[in-house]
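Structure, as structure tokens:
The values are calculated or read from the model by the stated rules, or taken from the named source; none is laboratory data. Predicted, not measured: the structure shown is a model, and the values here were computed from it. Heads up, the Cβs are rebuilt from the backbone with ideal geometry, glycines too, and the neighbour counts pull from every protein chain shown.
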Amino acid sequence: MFRLQGSRTLAVDLAGDAVKAKNGSMVAYDGRVTFKKMTGGGDGLRGMVTRRLTGEQMSVMEVTGQGTCYFADRASEINLVPLHGDKLYVEASNLLCTDAGLRTGTTFTGLRGGASGNGLFTTTVEGTGQVAIMSDGPAVALRVSAQYPLFVDPGAYIAHQGNLQQHLQSGVNFRTLIGEGSGESFQIRFEGEGVVYVQPSERNTLGGDV
Amino acid sequence: MPFREINSKMIEATVVPGQRLYSQRGAMLAYRGEVSFTPNIQGGQGGVMSMIGRRVAGEATPLMTVEGSGTVMFGHGGHHIQVIDLTGDTLYVEADRLLAFDGTLQQGTMFMGSQGGVMGMVRGQVTGQGLFTTTLKGHGAVAVMAHGGVIELPITPGREVHVDPQAYVAHHGDVRNKLSTALGWRDMVGRGSGEAFQLELSGNGAVYVQASEEKL
């Protein structure tokens, strides 16, 4: 059972079950808890090869036992996302902890990845359970519906779920070329039905420089 | 109650004549009233011998004495501040995490080896706390800094708490701590889970843990 202790610490109550968490993110625990590194992100041999090839590597440990375990990572804000059979797309570096029953994998993001500094691939989490994702500052969940597409700065995007199509769009014009750009030359456009998680901070991105 | 939290990163202290306050040098942000700040060469209380003790132990942080009447605001480096009220028990904390504390509290230095012998010294090295730590004892309030806010975990007999040494901030009460290792062959081949060393705290009291694994 996941719960938040403050906004930056995640408490997980374990009763003999297991969770997957980012390597080294435990800050405290009581009871009897053991930690074991899962090679290749816990996706098996095929997943391991895929992660190596795509650069979407994550080091994950399996946490099992009885008691309460506390997780935190570099004072990032933590957001809980419940999944009911749907799929969450999140960057491996923003993923803190998932229920062990959830499947993780990698997927191709297309051109967006290059501009957002995320790489061309992203991590997917699928199944029923809870996921804890991290953001720099408290994240907002923005709903996207068919008539209202959403535009997001690639550096502020952290995750999305639901049936969404994404396109990279650019507003590059002659001002950008002479170095007078507004710093908002690239956006990701989300269309469809779903939720996008946005953080109040921007990563250094290729798109943000122009 | 001399400390009041303004927000998570700033505190306001009330100073009245005859009551002094110690704070980390340079941590004052603003003040009202007639307040004087004197650098404290001895780095706290207890005369020259304590000063030498602290110098030797490497637990000497530049402190200043705050006296007068008025209110003073403290903050440092954008770190989160936790105010801990002591009611007669002892707080164990690293000297560089101390932001400000009541002058009525008794300050001391503890040798890590005195708790757990050689293992205690190893613990100090592994946790980056060094061989000595600062203790504060008595009735009063202490303001402690941490990266990313802290949570307080109670320790009761039979329910010990394990803490990542890098996320440990302070503890108080009648608590024994020892270093527990979970080193396995996986760590030897570089496939460790990153949680090989933990501080095991048992007894009666509370431990403060920060939401980050960065030192100050």
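Restricting attention to region B:3-22, which residues are assigned to a loop (DSSP other than H, G, I, E, B) and either touching a strand residue (DSSP E or B) at 6+ places or on another chain (Cβ under 6 Å) or touching a residue at least 12 places away in the same chain (Cβ under 8 Å) (or both)? Passing the criteria: B:Ser8, B:Lys9, B:Val16, B:Pro17, B:Gln19, B:Arg20.
Within region A:23-41, being facing chain B (nearest Cβ under 9 Å) and among the charged types (D, E, K, R) holds for A:Asp30, A:Lys36, A:Lys37.
Taken over region A:188-203, the criterion of being under 18 Å from A:Gly137 (Cβ atoms) and surrounded by 22 or more Cβ atoms within 10 Å (Cβ to Cβ) is satisfied by A:Val196, A:Tyr197, A:Gln199. Consider region B:193-212 and keep the residues that are closer than 20 Å to A:Gly24 by Cα and surrounded by fewer than 21 Cβ atoms within 10 Å (Cβ to Cβ). The one that is modelled with the highest pLDDT is B:Glu200. Is it the case, given these coordinates, that A:Arg3 is within 8 Å of chain B (Cβ to nearest Cβ) and at pLDDT 90 or above? Taking the combined requirement at face value, the residue does not satisfy it.
Out of all the residues in region B:39-50, is one or more modelled with pLDDT under 90, in a helix (DSSP H, G or I) and not small (Gly, Ala, Ser)? Scanning region B:39-50 turns up at least one residue that is modelled with pLDDT under 90, in a helix (DSSP H, G or I) and not small (Gly, Ala, Ser). Going by what's in this entry, would A:Ala115 be described as at the interface with chain B (Cβ under 9 Å from one of its Cβ atoms) and at pLDDT below 90? No, not satisfied. Close Cβ contacts (under 9 Å, 6 or more residues apart or on different chains) running from residues in region B:150-176 that are more than 9 Å from chain A (Cβ to nearest Cβ) and part of a loop (DSSP other than H, G, I, E, B) to residues that are buried (at least 17 other Cβ atoms within 10 Å of the Cβ) and hydroxyl-bearing (Ser, Thr, Tyr) comprise B:Pro157/B:Ser202; B:Gly158/B:Ser202; B:Pro165/B:Thr127.
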